[in-house]
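K.L.:
One structure follows; several queries about it will come next.
Read-outs throughout are calculated quantities, based only on the coordinates presented, and are distinct from any laboratory measurement. Please read all numbers here as calculations on a predicted model, not as lab measurements. Note that each Cβ is placed from the backbone with ideal geometry, even for glycine, and that neighbours are counted across all protein chains shown.
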Amino acid sequence: MPPTDLVTLDSPAKVNLALSIGSPIPPRGYHPLASWMVAVHFADRLDVRRAQGNSRFELSFADDAPVRSVVDWPLEKDLAFRAHRLLEEHAGRPLPVHLTLRKRIPAGAGLGGGSGNAAATLVAVDRLFGLHAGEAALRGLGGKLGSDVAFLVGALLGSPSAIVTGLGETIEPAPTAELLHLVLIFPGFGCPTGEVYQAFDQLHPVNAARAPDVVRVRNLTTVSPVPQDGPFNDLAEPACRVRPELARIQRELTQALALPIHITGSGSTLFVIAPSATAAKPLARKVTAVSGLPAIATRSLG
């Protein structure tokens, strides 16, 4: 694709329909995983323009974000900023941009919001300057930023459903036979990922070596439609230990809706599989009515 002056991308959230975690690997203590990830239409919006001189970054939450918040972290910690720097290093030259990010995905929600921002930045800046880095290179760069980034690079480039293994670097497309309709539920607080993994390690002693259950993850991808009680997540219980109120919300919504309520990633977002497209929005409204929590209907990227 030739260079252009503006690239606009939606930066999608991801949902873990299945997530199996292994024991940490010495010496750095990273946890191998096996996960069925799907990207969804709920997304942030990224605009990247060519700039003269130094790059500029404008990050804020959109007015229609389901959870009102502010960007309260240093720019140097933001994954979009870091992705831009990483791509400059890869290109071996400055890539001056004016990057505007309007966030809707809550921070600390287990939806890969920051990872999606990094992925979208890599793809957008590559297109903006006509670098033609290629999907493998962009995924490789993304893997340096987080375990979800490589998947979300692939989602933006045409593989929105995949089995992800290793430390997030091995991605096997797993196309779905039909669109998946979901209701996302936002408790209004985040779950610190590091604390959730620490709670996981306390539940699963390191001396009992544990490998991710790839077979169980793969088996779920073969079922169509995905049953409402099909998703599973090894980090759900640790997340509830870190944030006990998350367990209460999950329990109360399960009773009120008479439907399985799941947790994605390391939390805190909960989700339910809607039986159909027409049922999703009324179900989201019912969630808010019975719990007072923001909820949105969305669907998987096709």
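K.L.:
Among DSSP beta bridges lying fully in the chain, give the percent that are antiparallel, nearest 5. Before the final figure, lay out each step's value.
P.N.:
On the way: 43 of 51 bridges.
Percentage antiparallel, nearest 5: 85.
K.L.:
Something else now. Run lengths n ≥ 4 of DSSP H only: what is the helix-derived mean residue ellipticity at 222 nm for the chain, with -39500 (n - 2.57) per run over all residues, to the nearest 500?
P.N.:
Numbers: 9 runs with 101 residues, N = 302.
For the chain, the value works out to -10000 deg cm²/dmol.
K.L.:
Any idea which of Phe61, Thr100, Ala118 is furthest toward the positive side of the dipole for the stretch 1-155, if Lys and Arg beta-carbons carry +1 and Asp and Glu beta-carbons -1?
P.N.:
Ala118
K.L.:
Treating the beta-carbon of each Lys and Arg as +1 and of each Asp and Glu as -1, no other charges, what is the dipole magnitude of the chain about its Cα centre, to the nearest 20 debye?
P.N.:
On the way: 28 positive and 26 negative charges, 56 e Å.
Here the size comes out at about 260 debye.
K.L.:
With θ set to phi - 60°, apply the Karplus curve 6.51 cos²θ - 1.76 cosθ + 1.60 along the stretch 101-117 and write out the HN-Hα couplings as whole Hz, x wherever there is a Gly or Pro.
P.N.:
Along the stretch 101-117, the couplings run 10, 10, 8, 10, 6, x, 6, x, 9, x, 9, x, x, x, 5, x, 4 Hz.
K.L.:
Rounded to two decimals, what is the ratio between the C-alpha radius of gyration of the stretch 181-299 and 2.2 N^0.38 Å? Provide the component values of the computation, followed by the final result.
P.N.:
Values: Rg = 15.1 Å, N = 119, 2.2 N^0.38 = 13.5 Å.
Taking N as the residue count of the stretch 181-299, the ratio is 1.12.
K.L.:
Run a plain Debye calculation on the stretch 11-157 (Cα atoms as equal point scatterers, no solvent) and give log10 I(q)/I(0) at q = 0.11, 0.17 Å⁻¹, rounded to two decimals, same order as the q list.
P.N.:
Treating every Cα as an identical point scatterer, log10 I(q)/I(0) equals -0.41, -0.97.
K.L.:
According to the square roots a ≥ b ≥ c of the eigenvalues of the Cα gyration tensor, what is the shape class of the stretch 1-54, taking rounded for a/c under 1.5, prolate for a/b larger than b/c otherwise, and oblate for the remainder? Please list the in-between numbers first.
P.N.:
Values: a/c = 3.85, a/b = 1.89, b/c = 2.03.
In terms of gyration-tensor shape, oblate.
K.L.:
May I pose another question? Cross-link partners among lysines for Lys144, C-alpha distance below 25 Å, same-chain residues fewer than 8 apart left out?
P.N.:
Those lysines meeting the cut-off are Lys14, Lys77, Lys103.
K.L.:
Where the convex hull is taken over the Cα atoms of the chain, what is its projected area averaged over directions, in nm²?
P.N.:
Details: hull surface 61.8 nm².
Result: a mean projected hull area of 15.4 nm².
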